[in-house]
Amino acid sequence: MAALTFGALAPALLLLLLLASAVGAVDDSVSAVQRHVQSAQSSGVRRAPPESPAEASTALAERKAALEAQRKAAQERIKAKAEAAAKLRQEAQAERRAKRQAELEEQRKADEEARARAEEEARKAAEERRRAEEEAAKRAEEEAKIAAVEQARAERRAKAEARKAAAQAAEERAKRESEKQERIAAREAKRKAEEEEAQLKAQMAADNERAQEAALLARRQAAKAKRAAREEEQKREEMRANWQAKLAAKREAEEEALLPEEEQLQRVEARQQRAAEEAQRRAAEEEARQAAAEREHAAADRAAKRAQAKAEREAHFQQVQQLRRQAEERDAQRAVDKAKRAADDEARRAAVEERRLANERARGDDEDRARAQEAADQAGALRVRVRGPRGNEVELKVVRNVRLRVMMLAACGRLGLELESSRFMRAGRELSPDDTPDDCGLEEKELLEVTEMQG
C-alpha cells in the first residue's frame, strides 16, 4: 500500500518541482536585469545612455513581457507534461483495475468449479457411506446373532475359568498359609536357637569375665609377690652393701691412720663425695621403684575399668537382644493374627463370589434359552441331533437363515470340544460354518456327527 501511494504521488511531486524551478528561473532573470541596471547607473564607467527614459522603460517592459511569455510557456509545457503523466497514470490504473477484475473473475470461476467438484464428491461419498452403512448394518445384524452365542459360550467359559481360578486361588492360599505357618515355626525355632545361643554367649562371657578377674587377681598377686621379693632382695643387697661398706670403711680407716694428715683429708673428702653420690643413687632408685609401683597400680585400675565397661556392654547387649526378641515375638503374633483375619476374609469373599457366579450362571442360562427361543420364534427353526466323538448326543435348535457357526459353537460348548479342532459331517460330507441350514438342506431331527481332528 505504501509503494502504491508513493507511485501515485511521484508525478504530482515532479510537477510541483518543475513549476517551482520555472518560477525561480523567471524571478532570477528579472532580478539580474534590475541588478544590471542599478550597477550601470552606480558605476563610474560611462556607457551610452538610452536615448530617453521612456525608451528605457519600454525596453524593460519588453524584456519583462518576453520573460513573462517564457514563464507562461514553461508553465504550459509543465502543465502539458503533468496532464500527460496524469493521463498515463489513469490509463495504468484502469489497466491494473481491469487486470485485477479479470483475476477476480478467474478466481470466482475456479472457486465455483471447486465447489461444484466438492459437492459432487460429497454426494458420491454420502452415497458410498449410505451403501457401506447398509452393508455394515446387514453384516452387523448377521454377526450379532453369532456374537450372542459366542458371548454366551465365552461367558460360560469365563465362569468355568473363574471357578477354576477360585479353586486354584484357594489352593494357593492354603499353600501360602502352610508356608507361612512353616516360616513362623522356623522363625520360632530360630528365635529359640538364638536365645539359647545368647544364653550360652552370656554364660561364656561371664566365665571369661570371671577368668579375666581371676587372671587379673593372679597377676596382681604375682606382681605383689615379685615386688616383695624384689624389695627383700634389695634389702639384702643394701645390707650386704652396708656391711661391705663398713668393712671397706674400716679397712680404709686403718689404712688412713697410717697415711699423712693431708692425704687423710683427701680420703675423707672423697669418701663424703661417694656417700653423697650413693645417697643420690638410692634416692633415684627409690623414686623409680615408686614410679613403677604407681604405673602398675594405674594399669591394674585401667584393666579393672575396662573389664567393668565390657561387662556393662555385655549386659546392655543382652538387654537389647531381649527387647528385640520380644519385639519379634510380638510381630510374629501380629502376623499370625493378620494372616488368620486375611484367610477368614478371603474365605468369606470366595463364598460371596461363588454365590455371585452361581447366580450369574443361572441368569446366563435363562437368558441363553430366552434368546434362542426368541430367535427360533422370529425366524423359524428346526431341531437337529449332534453326536460327539464319544457317542454322546445333544439336540439343538437351528435357525434357518442363520449361519451354522452358531449351532456349531453351541454344540462344541455342550460336548466340551473346540470349534477349531472339530469337523461337522452330514452323510459323509463336511459342513461349512458359513453355510445356512437352507443351503445344506437340513431337515427336522437330522443327525450330524462331529469328529475331532488330532494335532
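Any read-out appearing in this document is the output of simple, stated calculations on the displayed coordinates, not a laboratory observation. Just so it is clear, the structure is predicted and the values come from calculations on it, not from any experiment. All Cβ positions, glycine included, derive from the backbone under ideal geometry; neighbour counts span all protein chains shown.
Values for this structure:
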{"item": "Selection from 223, 273, 204 lying farthest towards where the dipole of the stretch 169-349 points positive, charges on Cβ", "result": "204"}
{"item": "Summed residue charge, Cβ within 10 Å of residue 314's Cβ, Lys/Arg positive, Asp/Glu negative", "result": "+1"}
{"item": "Dipole axis of the stretch 125-244 (+1 Lys, Arg; -1 Asp, Glu on Cβ), positive-most option in 162, 184, 241", "result": "241"}
{"item": "Largest-first principal axis extents, alpha carbons of the stretch 169-349, Å", "result": "130, 20, 18"}
{"item": "Over the stretch 217-322: Kirkwood hydrodynamic radius from C-alpha pairwise inverse distances, Å", "result": "18.5"}
{"item": "Inter-centroid distance (Cα atoms) of the stretch 418-455 relative to the stretch 159-203, Å", "result": "55"}
{"item": "Radius 14 Å from Cβ of residue 119, net charge of other residues (Lys, Arg +1; Asp, Glu -1)", "result": "-2"}
{"item": "Whole-Hz couplings from phi, Karplus 6.51/-1.76/1.60, listed for the stretch 174-184; x for Gly and Pro", "result": "5, 5, 5, 5, 5, 4, 5, 5, 4, 5, 5"}
{"item": "For the stretch 169-349: lysine pairs under 26 Å (alpha-carbon distance), excluding those fewer than 8 apart on one chain", "result": "24"}
{"item": "Peptide ranges 299-307, 96-104 listed from the most packed, as the mean C-beta count within 10 angstrom indicates", "result": "299-307, 96-104"}
{"item": "Dipole-positive endmost among 283, 298, 319 within the stretch 169-349 (Cβ charges, Cα centre)", "result": "319"}
{"item": "Global size of the stretch 380-455 as Cα Rg and Dmax, reported in angstrom", "result": "11.2, 38"}
{"item": "Karplus-derived 3J(HN,Hα), 6.51/-1.76/1.60, for each residue of the stretch 419-424, Hz, glycine and proline x", "result": "5, 5, 10, 10, 10, 9"}
{"item": "Phi to ³J(HN,Hα) by Karplus 6.51 cos²θ - 1.76 cosθ + 1.60 over the stretch 275-284, Hz, x for Gly, Pro", "result": "5, 5, 5, 5, 5, 5, 5, 5, 4, 5"}
{"item": "Cα centre as origin, Lys/Arg/Asp/Glu Cβ charges: the stretch 169-349 dipole, Debye", "result": "1380"}
